[in-house]
Structures are given as C-alpha cells and as structure tokens.
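A.B. asks: Take a look at the following structure, please.
Every read-out reported here was derived from the displayed coordinates using simple, explicitly stated rules and does not represent laboratory data. Computed from a predicted model, the values in this text were never measured in an experiment. Quick reminder, even Gly has a Cβ in these numbers, built from the backbone with ideal geometry, and neighbours come from all protein chains shown.
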Amino acid sequence: MVNLIWLLLLAGGGVAAVINGNVAVVTQAAFTAATDAVQIAFELVGLMALWLGLLKIAEDAGLVALLARAVHPLMRRLFPSIPRHHPALGAILMNLTASLLGLGNAATPFGLKAMQEMQRLNPNPDEASEAMCTFLALNTSCITLIPATVIGLRAAAGSVNPAEIVGPTILATTCGTVAAIIADQFLRRYYRWRG
C-alpha cells in the first residue's frame, strides 16, 4: 500500500511538472536530492559508529549491567510478568538505552530481540501480552537525552548550532514517556476490570 502511495505521489509530481513545463527543474531537483542524501548518509556513518561503539564499550565494561540493576525496581513495576533474570529484560534495557542516546537505528535489533523473548513468555501467542504492550509504549515514546541522529542530520545540513534541540527534545520526550506509561497503566487496569 505504501509503495502505491509513493508511486501515485511521484507520478502526480511528474504530471504536474509536464503540465507546468518544469520537467528540467524537477529532474535537477531529483538529482540534487539524491546527491545530498548520499552525502548525509556518509556523514552519519561516523556519528553512528561513534555512539554504537560507545554503547558496546559500556556493555562490555559492565555499565549496562550496572544500569540494569539501578533501574531494576522500575522495570519490575513496568514488567511484572517477566522473570527477574530473563533475557527479555536485558534486551528491553539495551533498546531503551539506545533510544535514550537518540540511536533509533541501534535500538531496533534490541527491540526485536525483546519482543521475541517476551513472545516466548506469552501464554496467548495470538495476542500481544501486557509486557509487550508496555514495551511498545515505552519504545515509541522513549525519553531521549542526546538526540545524536538528529544532531548529526542538523550538522550535516549546515546548522549553526545543531545541538540547540537537546533541551526541547528532553522535555518533549519526557512528556511523551510519562503520558505513555500513564495510558498503559490506565488501559491495563481498565481491561482487567472489564474482563
């Protein structure tokens, strides 16, 4: 369906360019955009390598395990159905840590691993468990302390102060995370009461 939408948008743009006599302008813009996309992608490779490397060092140094112990009481409240030392909790923590650093691309594999591990615990495999729903809410709205990818994109685009978005990002993502946790807890209790 998304491919069809993109096809219609591109075809509509092409038809509009022909009707208005701007085919050369559209062609030039397409080539310029493609060149810019490749340049930005190469500039982001260094940034992503830096943050992923730091995350791997933190994991190997035991900082992730230390962080896991520190947030364990919160994790127990948010994910009461997951056993204490289950691999799902580690994957959840790694996903949230990567998201905290603004590394959405790095968070994805950990998120998939967390969902696989939670599916193994799921008593009803045809429906998402409460833990899976809570994780989805947290993953979608996770607090971001260092929006590394966005800072990198802003720097690559020539922003004078690419890090000026840190404060608003922390505020917005904190509000989103608090709202997601409240909604998750409310809906969890509501469906238990109804069911």
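A.B. asks: Can you tell me, using C-alpha contacts under 8 Å and at least 6 residues apart, the relative contact order of the chain as a whole percent? Mind dumping the intermediate values first?
C.D. replies: On the way: 154 pairs, mean separation 35.2, N = 195.
Reported relative contact order: 18 percent.
A.B. asks: Here's something else I'd like to know. Grab the DSSP H runs of the chain that are 4 residues or longer, score each as -39,500 (n - 2.57), total them, divide by all residues and round the 222 nm result to the nearest 500 deg cm²/dmol.
C.D. replies: Roughly -27000 deg cm²/dmol at 222 nm, from the helical runs in the chain.
A.B. asks: Right, here's the next one. When only DSSP loop residues count, what trypsin sites (Lys or Arg not before Pro) in segment 49-117 have their Cβ near at most 14 other Cβ atoms within 10 Å?
C.D. replies: Numbers: sites: LYS56, ARG69, ARG76, ARG77, ARG84, LYS113; in loops: ARG84.
Loop-located and lightly packed - ARG84.
A.B. asks: Which residue, LEU138, LEU67, LEU103, tops the fluctuation ranking in a GNM of the chain built on C-alpha contacts under 10 Å?
C.D. replies: The residue that fluctuates most here is LEU67.
A.B. asks: Let me ask something else about it. What is the magnitude of the charge dipole of the chain about its Cα centre, with +1 placed on the Cβ of each Lys and Arg, -1 on the Cβ of each Asp and Glu, and no other charges, expressed in debye to the nearest 20?
C.D. replies: Taking the Cα centre of the chain as origin, the dipole is about 740 debye.
A.B. asks: Still on this structure, I have one more. Mind listing the phi-derived Karplus ³J(HN,Hα) values for segment 160-177, rounded to whole Hz, using 6.51, -1.76 and 1.60 with θ = phi - 60°, and x for any glycine or proline?
C.D. replies: Result, rounded to whole Hz: 5, 9, x, 8, 5, 8, 4, x, x, 5, 4, 4, 5, 6, 5, 4, x, 5.
A.B. asks: To the nearest 10 degrees, how steep is helix 104-121 against the longest Cα principal axis of the chain, on a 0 to 90 scale?
C.D. replies: 40
A.B. asks: Could you put MET115, MET1 in order, starting from the residue whose Cβ has the fewest other Cβ atoms within 10 Å?
C.D. replies: MET1, MET115
A.B. asks: Here is a further query. Select from ALA163, GLY62, ILE146 the residue farthest towards the positive end of the dipole of segment 44-194; place +1 on Cβ of Lys and Arg, -1 on Cβ of Asp and Glu, and compute about the Cα centre.
C.D. replies: GLY62
A.B. asks: With r defined as the distance between the Cβ atoms of ARG84 and ILE5 and R0 fixed at 41 Å, what FRET efficiency is calculated, to the nearest 0.05?
C.D. replies: 0.35
A.B. asks: Please compute the net charge surrounding ASP184, taking Lys and Arg as +1 and Asp and Glu as -1 over other residues with Cβ under 12 Å from its Cβ.
C.D. replies: That sum, taken over residues with Cβ under 12 Å, equals +2.
A.B. asks: What do you get when you divide the Cα radius of gyration of segment 44-194 by 2.2 N^0.38 Å, with N the number of residues? Mind showing how you got there, number by number?
C.D. replies: Details: Rg = 16.6 Å, N = 151, 2.2 N^0.38 = 14.8 Å.
Dividing the Cα Rg of segment 44-194 by 2.2 N^0.38 Å gives 1.12.
A.B. asks: When Lys and Arg each count +1 and Asp and Glu each count -1, what net charge do the other residues less than 15 Å away from PRO162, Cβ to Cβ, add up to?
C.D. replies: Net of charged neighbours comes to -1.
A.B. asks: Farthest toward the dipole's positive end in segment 45-195, which of PRO87, THR177, LEU74, given Cβ charges of +1 (Lys, Arg) and -1 (Asp, Glu) about the Cα centre?
C.D. replies: After comparing all options, I get LEU74.
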